[in-house]
Amino acid sequence: MKLLGVVARGVGRRRGAVAAVFVLTALAVGAGAVLAGGSSVGLNLRASSPVPRAPVTMRAPGTGRSVIVGHSYKNDVSRSLRSLPRAPLVPRVEREASPNPRPVSQHKDGADPVRQTTLPTPNMPATTLNFDGIVFPGVDCNCAPPDTDGEVGSTQYVQMVNMGFQVFDKATAASVLGPVGIATVWSGFGGVCQTNGDGDPVVLYDQLANRWVISQFAGVSVPTDECIAVSTTSDATGTWNRYAFHLGSNFFDYPHLGVWPDGYYMSMNVFNSAGTAYLGPQPFVFDRAAMLAGSPATFISTGITGGSSEETYLPADLDGSTLPTSGAPNPFVEYPSGGVYKVFRFHVDWGTPAASTFTPVASPPAAAAFTALCTTTRQCVPQAGVTSPTNNLDAIADRFMFRNAYRNFGDHESLVANYTVSSGAVAGIRWIELRNVTAGTPTVAQESTYQPDSTWRWMGSAAMDNAGNLALGFSASSAAISPQIRYA
């Protein structure tokens with residue numbers, strides 16, 4: 001099951017903002033249109049700080065291509081998370097690239113030809129479970145945006161809110177762990193993962209192995225490292241295989257991961273070390289098989305793509321139990337400011353890393369025209385009772401929203417994604433379904449902008465069940481209503 005939506009009632013990107021978080025609404029992965037709510041054991045809590053290992057560049061003979069190969073500079077197996085000491089709560093601020101500049105956009109606004117202008121008769125089932133997630137002021141960081149993220153596993157729901165972590169029972173909504181600082185997962189590990197985690201967390205459920213995957217970035221002065229933990233069972237309160245990876249000397253921002261049979265794939269938005277200049281997006285893949293086994297692990301990257309004019313992208317994240325074709329590359333899809341859904345296919349070769357490729361599809365499908373939202377400020381979404389524009393909400397409308405959900409139906413494969421656009425003078429959700437994303441010529445099977453009235457809808461999340469039903473969760477707000485969560 002995959003989380004569809006969260007809403008954060010906050011104030012732009014300012015620290016200490018109000019951030020009341022409400023969670024739920026998930027799409028069943030396996031059944032119909034149903035909505036429901038060597039390694040060492042980490043025993044030494046005074047572990048010495050591990051020394052980062054810089055990645056190296058490898059060249060493929062005769063091709064002119066090169067890849068970056070890195071290795072975990074430390075890995076271990078934690079004690080049961082239930083028994084690990086809670087990380088001390090030290091007030092922190094969120095680590096952000098400043099001023100988090102946008103790519104050099106090629107976008108040209110146009111009239112939206114696919115806007116849904118009427119509100120249909122509701123036929124969506126109600127949630128079966130509704131409960132509060134991590135509440136304000138969060139854990140260890142009064143951060144805005146709170147980077148709320150959640151995932152549903154076989155028996156549990158896990159939520160992460162910037163530097164906080166909590167596990168709930170899926171059947172009863174009872175809290176079984178937390179909220180605690182994410183650093184608790186790294187108790188006894190040492191290094192920046194334990195002492196300098198900076199947020200931007202991601203939680204996924206690897207349903208192929210029934211394991212949890214969590215990550216956050218870390219670094220002493222800038223986030224140069226990625227900390228990833230993979231649970232050893234389906235119980236998120238149990239033991240974890242923990243890893244530290246040093247990615248380089250740049251400011252690696254906005255990490256988002258996807259599960260694929262041959263790896264855990266990740267996209268990063270890369271800035272210079274000062275965080276003042278956008279350098280471009282960069283793809284990574286981590287050795288899933290090694291991390292499931294708790295062995296030292298490798299990552300491969302083909303480097304920054306395209307430079308500062310390249311828009312950001314997200315990897316595909318697998319839904320369902322039907323695997324993609326054996327050896328199929330992971331499709332990364334780029335935000336369509338240039339008018340097309342640019343698809344890259346990341347093929348990894350763990351035996352010969354230099355043979356790994358990140359290849360753009362020659363004929364990407366065209367995107368329906370749209371008008372970009374919040375082009376002069378990210379804080380443009382109104383909320384009830386707020387009169388100052390500086391207290392508007394962050395739209396984050398310049399990129400795809402997490403996740404790019406992939407499903408193989410046997411006779412076709414689908415990838416569904418979403419982003420926020422300006423439509424009817426308010427924010428609306430542009431959702432898309434792409435096909436032929438791992439082989440052949442990608443096509444747009446369907447796309448539409450869900451904006452039937454004057455409410456602002458933004459920060460969506462989309463997923464499709466095994467019958468082809470598509471659900472869209474999103475945040476909603478306006479000058480007349482407080483921020484809330486909805487789904488369609």
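The values are calculated or read from the model by the stated rules, or taken from the named source; none is laboratory data. In this text, all values refer to a predicted model and were calculated from it rather than measured experimentally. Cβ atoms come from the backbone with ideal geometry, glycine included; neighbour counts cover every protein chain shown. These area figures cover heavy atoms from the full protein model, side chains too; ligands, DNA and RNA do not enter into them. Shrake-Rupley method; radii C 1.70, N 1.55, O 1.52, S 1.80 Å.
The table below gives the values:
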| read-out | value |
| --- | --- |
| Two-site label geometry, Asp453 and Ala289: point separation in nm, points 7 Å out along Cα→Cβ | 5.3 nm |
| Hits among aspartates and glutamates - C-alpha to C-alpha of Lys74 under 14 Å, sequence gap 8 or more where chains match | Asp225, Glu226 |
| Residue-by-residue Karplus 3J(HN,Hα) for region 278-286, coefficients 6.51, -1.76, 1.60, Hz, glycine and proline x | 6, 9, x, x, 9, x, 9, 9, 10 |
| Amide H contacts of Cys143 (H built 1.01 Å from N, under 5 Å, at least 5 apart or other chain) | Gly16 |
| Residue-wise HN-Hα coupling along region 322-327, computed from phi with Karplus coefficients 6.51, -1.76, 1.60 (Hz; x: Gly, Pro) | 8, 6, x, 3, 3, x |
| Proximal aspartates and glutamates to Lys170, defined as alpha-carbon separation beneath 20 angstrom and excluding residues fewer than eight positions away on the same chain | Asp132, Asp149, Glu151, Asp206, Asp235, Asp319, Asp465 |
| Within region 237-266: backbone nitrogen closer than 13 Å to the Ser83 label point (7 Å, Cα to C-beta) | 238-240 |
| Semi-axis lengths (Å, descending) of the ellipsoid that matches the C-alpha gyration tensor of region 194-340 | 25, 20, 12 |
| Surface accessible to a 1.4 Å probe, per residue, for the residues of the chain, Å² | 35 Å² |
| Cross-link partners of Lys342 among aspartates and glutamates (Cα-Cα below 20 Å; sequence separation of 8 or more within a chain) | Asp109, Asp112, Glu310, Glu311, Asp317, Glu334, Asp398, Glu413, Glu433, Glu447 |
| The chain: calculated mean residue ellipticity at 222 nm from DSSP helix runs of at least 4, using -39500 (n - 2.57) | -500 deg cm²/dmol |
| Largest to smallest principal axis extent of the C-alpha atoms in region 374-488, angstrom | 52, 27, 21 |
| Three-way shape call for region 100-179 based on the alpha-carbon gyration tensor, with the a/c threshold at 1.5 | oblate |
| J(HN,Hα) series, region 302-309, from Karplus relation 6.51 cos²θ - 1.76 cosθ + 1.60, nearest Hz, glycine and proline x | 8, x, 4, 9, x, x, 5, 8 |
| Overall form of the chain per C-alpha gyration tensor (a/c, 1.5; a/b vs b/c) | rounded |
| With every protein chain in place, the chain: carbon and sulfur % of accessible area (1.4 Å) | 54 percent |
| Accessible-area ranking of Thr276, Thr232, largest first, probe 1.4 Å | Thr276, Thr232 |
| Positive-end residue of Gly410, Cys193, Val230, charge dipole of the chain with Cβ unit charges | Cys193 |
| Principal axis dimensions, largest first and in whole angstrom, of region 335-412 by Cα | 58, 29, 27 |
| Relative contact order for region 207-260, counting Cα pairs under 8 Å that sit 6 or more residues apart, in percent | 32 percent |
| Sequence-distant residues sharing a close amide H with Phe136 (under 5 Å, placed H) | Val21 |
| Check: the chain dipole with +1 on Lys, Arg Cβ and -1 on Asp, Glu Cβ, in debye | 580 debye |
| Region 108-238: C-alpha gyration tensor shape, a/c 1.5 cut-off, then a/b vs b/c | oblate |
| Region 161-229: projected area of the alpha-carbon convex hull, averaged over directions, in nm² | 5.1 nm² |
